[in-house]
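**Q** One structure is given below, represented as structure tokens, and several questions about it will come after.
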Amino acid sequence: MTTTTMTGGAVPHDDKKIGEESLAPQQTRIMGPWSYLFAWLGGCVSIGTFTVGSGLVGTLNLLQTVLAIAIGCGVIGLALMINGRAGHKYGIPFMVQARAAYGFSGTRLPALVRSVPAIVWYGFQSWIGAGALNLVSETMFGYSNIWVFFIGFQFLQIGLSVLGFHGIKWLENIGAVFIIGALIYMFFSVIGRYGDQISTNLIQAEGTWGAPFWGATMLFLGVYSTMMLNVSDYSRELQHGVGRGRQVAIYANSILPATLFMGLIGLMVSSATGEVDPIRVFSSAVDNPVLLVVTLLFIAFAQVTTNILNNVVPPAYAMMDVFKLPFKAAAVIVGLLAFATFPWLLVRDESAAGLGLFIRTYSAFLGPIFAVLVVDYYIVRRQTGGFYSEMRHAMICWCLQI
């Protein structure tokens, strides 16, 4: 909770209890550099990246895809450090940071642009995770009901999300080791099973270095472009004393492995089999039932780690700001809204092109908003103490409103 002094001034938030997130400037930092890196690694294992990779079949060869991913992740790492500076330095979230440039009412536009993709991806990835659990149940027990697993899986995520950043820290840190191991295993399993097709369709393919290459680069960049806006929501949790260069390294080295493995797996399997649905892809790529179950559990677990970090916090903070809700209530509402995205339609094969168009569309809005935030902080306000004073005043006004 935010407290006030005798004169009504907002006191920086010094304590962070489980599930009690606040928009107030906070001093307590619960993540060290390694913990922060693992959190981003776990949060970036997106099935959407798999789908983007699948959409490049017949367009780029393997080398071009790797370079497109590397360039996209490098740019994202730099952008995250630049825009996350305010949150790391002053302990403020995105919704408060945006007030300096957009004002109280004006922040609703950036909040909407950031929240809608988060909720859509939340529903999309929840359906994928539920499908993986359903196939595990069918393999082991002969029971199959995707709707039961989808509803149960969604409420499980809602329950985890109300724990806030303490829950995020431990979920992501523990899961990162399992995730990277599973990705390596799946990557080499795909090569072993479809090596000949991959060589013919990807390694020996000519591809192109023209507009499709840069379009693919923008797609991989676009998958994470939403996080460029609200990176302060996360950087405010990173311990003081972590320099800018080290922050860029943390972001790039967490995002790159996850994106590289998922994008390439999607590209390789889809080029060899024509499959786009990741559940069908992995069920056909793994022969051993035990390994299949482990792989499917990984897919389900990866959706949880990504959703809790990237797709719950931004819209929940936006609701806290606009509707003056506590974090737990906002997190529950976000989880319920994900049902309304009709994810069972988004995962269809014919939806892959539409998903790419969706990424390009919201990315077009994210860039200008990102530019305004950066220019306001670095050029207009010159990273001075006056920026913090304005944020402090903003928090006082916000407290008076409630």
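The values are calculated or read from the model by the stated rules, or taken from the named source; none is laboratory data. What you are looking at is a predicted structure, and each value in this text was computed from that prediction instead of being measured. Neighbour counts are summed over all protein chains in view; Cβ atoms, including those assigned to glycine, are modelled from backbone coordinates with ideal geometry.
**Q** Restricting attention to the stretch 214-245, report how many residues are farther than 25 Å from Met95 by Cα and not small (Gly, Ala, Ser).
**A** 5
**Q** Further, regarding this structure: Spot the failing condition for Phe149; the list is (1) over 20 Å from the mean Cα position of the chain (by Cα); (2) buried (at least 18 other Cβ atoms within 10 Å of the Cβ); (3) touching a residue at least 60 places away in the same chain (Cβ under 8 Å), and only one is missed.
**A** All conditions pass for Phe149, except number (3).
**Q** What helices (runs of 4 or more DSSP H), lying completely within the stretch 325-402, carry at least 3 residues that are at pLDDT 70 or above and surrounded by 14 or more Cβ atoms within 10 Å (Cβ to Cβ)? Spell out the reasoning first.
**A** Working: elements: 327-337, 343-346, 352-375, 385-401.
Here the list reads 327-337, 343-346, 352-375.
**Q** Which is farther than 30 Å from Thr273 by Cα and modelled with pLDDT of 85 or more, of Ala86, Ala68?
**A** Ala86
**Q** Oh, and also: So, restricting to helices (runs of 4 or more DSSP H) that lie completely within the stretch 38-125, which ones have at least 1 residues that are small (Gly, Ala, Ser) and out of contact with any Leu (no Cβ under 8 Å at 6 or more places or on another chain)?
**A** 62-90, 94-106
**Q** Determine whether Leu160 is over 23 Å from Thr341 (Cβ atoms) and buried (at least 16 other Cβ atoms within 10 Å of the Cβ).
**A** Taking the combined requirement at face value, the residue does not satisfy it.
**Q** Look through the stretch 1-46, keep the residues that are buried (at least 16 other Cβ atoms within 10 Å of the Cβ), at pLDDT 50 or above and among the polar types (S, T, N, Q), and return whichever of them is farthest from Trp127 (Cα to Cα).
**A** In this case the residue turns out to be Gln26.
**Q** Run Leu135 past the list (1) surrounded by fewer than 23 Cβ atoms within 10 Å (Cβ to Cβ); (2) farther than 23 Å from Tyr224 by Cα and report the number of the one that doesn't hold.
**A** (1)
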